[in-house]
Amino acid sequence: EAQVTQNPRYLITVTGKKLTVTCSQNMNHEYMSWYRQDPGLGLRQIYYSMNVEVTDKGDVPEGYKVSRKEKRNFPLILESPSPNQTSLYFCASSAGTAQETQYFGPGTRLLVL
Amino acid sequence: QKEVEQNSGPLSVPEGAIASLNCTYSDRGSQSFFWYRQYSGKSPELIMSIYSNGDKEDGRFTAQLNKASQYVSLLIRDSQPSDSATYLCAVGERALTFGSGTRLQVQP
């Protein structure tokens with residue numbers, strides 16, 4: 001089944017404790033992206049990647065890191081999480097650019113205390 | 001910074017009516033426009049994309065684009081209770097900017 005998977009789905013952590021949210025797709029897609037969704041603010045793009053080893057900042061990259069060492073994986077790293085990073089995070093992938101249909105993962109709900 | 005504006009709603013329409021959802025964007029150079037639907041607690045899913053001025057129809061959905069006015073709309077004909085969701089407008093090519101979404105309620 002074609003899908004985008006994220007792990008973990010739910011995470012409670014404390015300020016300053018490094019964490020990684022994994023994202024994997026099995027569709028051989030070149031484009032992958034991370035978004036955060038907050039009430040009243042909609043989806044905001046954090047980082048995106050056009051291909052392996054190619055990443056670029058979205059609208060809200062501060063406090064986040066990403067890497068794209070393999071085509072299928074695009075982990076999101078929070079080196080020192082803060083409470084304002086409490087949010088719902090979505091990973092997405094598409095065949096080409098953002099103009100192609102983006103397939104979203106199920107979401108990761110993060111609470112930073 | 002690019003901005004995409006939507007009325008948050010809720011927009012309430014009776015079953016069978018036409019629902020009209022609107023979106024404006026700030027970047028005059030934008031070329032690609034999308035409508036995503038998001039059910040409560042679920043991930044967004046793409047329902048329409050439009051790239052040139054005019055109308056694009058797909059089943060009960062029609063997307064309308066007016067680049068001169070920097071305006072995108074989505075019409076849903078014969079609205080059904082299953083259409084009740086939040087509709088997100090998105091703009092961009094390499095990076096996507098989303099609006100905050102309009103919540104649609106279709107009353108049986």
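The values are calculated or read from the model by the stated rules, or taken from the named source; none is laboratory data. What you see is a predicted model, and the numbers here were worked out from it, not measured in a lab. Cβ sites come from the backbone with ideal geometry, for glycine too, and all protein chains shown count toward neighbours. When the accessible area is computed, the model is the full protein with side chains, heavy atoms only, and any ligands, DNA or RNA have been set aside. Shrake-Rupley method; radii C 1.70, N 1.55, O 1.52, S 1.80 Å.
Modelled label positions at B:Q31 and A:M27, each set 7 Å beyond Cα in the direction of Cβ, lie 2.2 nm from each other.
Quick one: Debye curve from the alpha-carbon atoms of the protein assembly as shown only, equal weights, vacuum; give me log10 I(q)/I(0) at q = 0.07, 0.09 Å⁻¹ to two decimals. Treating every Cα as an identical point scatterer, log10 I(q)/I(0) equals -0.22, -0.36.
State in Å² the accessible area per residue of the range B:1-61; use a 1.4 Å probe, count heavy atoms of protein chains only, and round to the nearest integer.
On the way: 3410 Å² over 61 residues.
I get 56 Å² per residue for the range B:1-61.
How much net charge surrounds B:I18 when only other residues with a Cβ under 14 Å from its Cβ are counted (Lys, Arg +1; Asp, Glu -1)? Counting the neighbours of B:I18, the net charge comes to -3.
When you restrict to C-alpha pairs under 8 Å that are six or more residues apart and normalise by the size of chain B, the relative contact order lands at 38 percent. Across peptide A:33-42, the average count of Cβ atoms from other chains found within 10 Å of a residue's Cβ is 4.
Give a quick list of GluC sites (Glu not before Pro) in the range A:39-104 that DSSP marks as loop, anything other than H, G, I, E or B, with at most 12 other Cβ atoms within 10 Å. Can you show the working numbers first?
On the way: sites: A:E53, A:E62, A:E70, A:E79, A:E100; in loops: A:E53, A:E62, A:E70, A:E79, A:E100.
Passing both the DSSP loop test and the Cβ count: A:E53, A:E62, A:E70, A:E79.
Projected area of chain B, taken from the Cα convex hull and averaged over every viewing direction, in nm²? Provide the component values of the computation, followed by the final result.
Values: hull surface 25.8 nm².
For chain B, averaging the hull's shadow over all directions gives 6.4 nm².
DSSP loop GluC sites (Glu not before Pro) in the range B:41-108 with at most 14 other Cβ atoms within 10 Å of their Cβ, which ones? Show your work: numbers first, answer last.
Values: sites: B:E45, B:E57, B:E93; in loops: B:E93.
Listed in order of number, the matching sites are B:E93.
Here the gap between B:E15 and B:R94, fully extended at 0.36 nm per residue and compared with their Cα-Cα distance, gives a gain of 24.7 nm. Would you work out the Kirkwood radius for chain A? I mean one over the mean of 1/r across all pairs of different Cα atoms, in Å. Computed over chain A, the radius equals 13.8 Å. A simple spin-label model places the labels of A:T15 and A:E79 1.9 nm from each other, with each point 7 Å out along Cα-to-Cβ. Take the Cβ-Cβ distance between B:N7 and A:E70 as r, set R0 to 41 Å, and report the resulting FRET efficiency rounded to the nearest 0.05. Plugging the Cβ-Cβ distance into 1/(1 + (r/R0)^6) gives 0.50.
Peptide B:79-91 has a mean of 1 when you count, residue by residue, the C-beta atoms of other protein chains within 10 Å of its C-beta. What you get for the range A:58-113, charging only the Cβ of Lys and Arg (+1) and of Asp and Glu (-1), is a dipole of about 240 debye around the Cα centre.
Fully extended, how many nm does the chain gain between B:E45 and B:L75 (0.36 nm per residue separation, minus their Cα-Cα distance)?
So the chain would gain 9.1 nm between B:E45 and B:L75.
Would you mind giving the mean number of other chain beta-carbons within 10 Å of the Cβ of each residue in B:93-105, as a whole number? Intermediate results must be reported in sequence, preceding the final value.
Numbers: counts 3, 9, 10, 14, 7, 8, 3, 8, 5, 0, 0, 0, 0.
That works out to 5 on average.
Compute the Rg to Rh ratio over the range B:48-91 from the alpha carbon atoms, using the Kirkwood formula for Rh, and round to two decimal places. With Rh from the inverse mean 1/r over Cα pairs, Rg/Rh is 0.98. Distance between the modelled labels on B:K56 and A:E1, one decimal in nanometres: 2.8 nm (7 Å Cα→Cβ projection).
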